[in-house]
Amino acid sequence: MSSILVTGGAGYIGSHTVVELFRAGYNPVIIDNFSNSEKSVLKGIESITGERITLYTGDCNDADFVNYIFESDPEITGCIHFAAYKAVGESVEKPVEYYKNNINSLLVLLTSMMQFNIKNLVFSSSCTVYGQPDELPVTESSPVKKAESPYGNTKQICEEVIEDTVAAAGEIKAVSLRYFNPVGAHPSSQIGELPIGTPNNLVPFLTQTVAGIRKELVIFGDDYDTPDGTCVRDYIHVLDLAQAHVKALDYLDKKKNDSLYRVFNVGTGNGHTVLDVIKTFESVTGEKVNYRVGTRRAGDVEKVWANADKINKELNWKTQLTLKQALNDAWSWQKVLKNRGKQ
Ligand code: WQD
């Protein structure tokens, strides 16, 4: 059974991907420094899968530590690289920390992979690389635009680093997955999003508002050129997103040619406005969302949703779960957190 090193495997998308890796017969090995996640997540993964997890607590920027992991587990055949700082607003305040952490951790991982002849890499990228696309739905050949934030720029730079490394090294095969908006939680309510502090993202802020943790949800502008004036996004269930990583690994495993670099959009192909999300949440849960319309948020893209034909065709992956299911799962998870006395 091949082991897969999952950096940031205790994080939101990482933890759901670890569950799906077990289900697919892989042996996930987690490296996490718990700067943006909690050890309780591991118990949740183990209760879903019944499997014991191999955990290395440490930082992907520590080359000796990453080498030690590859020395300790010769069964590792591939890596999924989630570990990164990801708060758009924070990246504007602390650009040097974001460039250092997000880019250096990838450089350390790539160096170590080549040293230990580990060939398969799946990279966590983001639709943020497109900025405001000229055409919608956005395809992988849509131009990468100047990033709206240092966070988005680190994703663009990391994609280029991987592409150049694949071209030069000749041994690494890599896939970059450009996520749209991950939402929801595992249907078992054993794992889900654990925003630290005030959530930046819409759905956790919405569920915390309904849970009474936040006073009200502010919609950042309703004067956009969209059906109801609020921004449009492609909200994808985190479990569907997790399965896309397994499909990417399977794809790389099957490709025997030495070097390969592919980029895939990972989205549902459908756009929803902020008001759609609120109304859908209310209809699914029967709860009322206390919201008001405020001013636009700087850096927000007006509308973006995926053309997911390429991943459907090449990885035989498409979304199975709906926005309704994602919002229902997010709400169930929020209630579990509240019962645990957490946010
Ligand atoms: C979604 C919509 C807001 C909060 C970012 C990153 C992306 C990824 C996901 C890391 C927007 C509106 C939000 C609120 C609101 N991050 N909104 N009130 O900005 O599309 O994407 O997070 O991987 O890379 O760019 O996600 O959830 O912040 O916003 O009205 O309190 O909800 O304006 O239209 P975003 P988001």
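When L121, L55 are checked against the criterion of being assigned to a strand (DSSP E or B), in the same structural domain as P28 (by TED's automatic domain parsing), away from the ligand (no atom under 16 Å from the Cβ) and under 17 Å from the mean Cα position of the chain (by Cα), L121 stands alone in meeting it. Would you be able to tell me the number of residues in segment 91-109 that are over 20 Å from the mean Cα position of the chain (by Cα) and crowded, with 22+ Cβ neighbours inside 10 Å? Residues flagged as over 20 Å from the mean Cα position of the chain (by Cα) and crowded, with 22+ Cβ neighbours inside 10 Å within segment 91-109 amount to 0.
None of K279, K254, K247 is under 26 Å from S142 (Cα atoms) and away from the ligand (no atom under 12 Å from the Cβ) except K247.
When G89 is tested against (1) within 16 Å of the ligand (Cβ to nearest atom); (2) modelled with pLDDT of 95 or more, only condition (2) is not met. Which residues, counting only those in segment 163-210, are within 15 Å of the ligand (Cβ to nearest atom), part of a helix (DSSP H, G or I) and among the aliphatic types (A, V, I, L, M)? Passing the criteria: L202, V203, L206, V210. Taking residues in segment 183-209 that are at positive phi, and partners anywhere that are modelled with pLDDT of 95 or more and surrounded by fewer than 20 Cβ atoms within 10 Å (Cβ to Cβ), the pairs with Cβ atoms closer than 6 Å and at least 6 places apart or on different chains are S189/S332; S189/V336. On the basis of being in a loop (DSSP other than H, G, I, E, B), in contact with a strand residue (DSSP E or B) (Cβ under 7 Å, 6 or more places away or on another chain) and in contact (Cβ under 8 Å) with a residue 24 or more places away in the chain, does T268 make the cut? Yes: the conditions hold for T268. Scoring R297 on the criteria (1) of a type in the set (D, E, K, R); (2) in a loop (DSSP other than H, G, I, E, B); (3) modelled with pLDDT of 95 or more; (4) farther than 30 Å from I162 by Cα leaves a single failure, condition (3).
Filter segment 242-259 for residues that are within 13 Å of the chain's Cα centre (by Cα) and closer than 13 Å to R23 by Cβ and give the result. If the condition is that a residue be within 13 Å of the chain's Cα centre (by Cα) and closer than 13 Å to R23 by Cβ, then A242, Q243, H245 are the ones that fit. Please work out if K146 is out of contact with any Asp or Glu (no Cβ under 9 Å at 6 or more places or on another chain), at pLDDT 95 or above and within 15 Å of the ligand (Cβ to nearest atom). For K146, the condition - out of contact with any Asp or Glu (no Cβ under 9 Å at 6 or more places or on another chain), at pLDDT 95 or above and within 15 Å of the ligand (Cβ to nearest atom) - is not met. If you scan segment 302-319, which residues turn out to be in a strand (DSSP E or B) and surrounded by 23 or more Cβ atoms within 10 Å (Cβ to Cβ)? If the condition is that a residue be in a strand (DSSP E or B) and surrounded by 23 or more Cβ atoms within 10 Å (Cβ to Cβ), then A306 is the only one that fits. Screening P227 with (1) in contact (Cβ under 8 Å) with a residue 60 or more places away in the chain; (2) within 29 Å of L177 (Cα to Cα) gives one miss only, at (1). D258 falls short on exactly one of the conditions (1) outside any strand (DSSP E or B); (2) assigned by TED's automatic domain parsing to the domain that holds F22; (3) surrounded by 15 or more Cβ atoms within 10 Å (Cβ to Cβ), and that condition is (3).
The values are calculated or read from the model by the stated rules, or taken from the named source; none is laboratory data. Everything numeric in this text was worked out from a predicted model, so none of it was measured. A quick note on method: Cβ atoms are made from the backbone with ideal geometry, for glycine too, and the neighbour counts reach across all protein chains shown.
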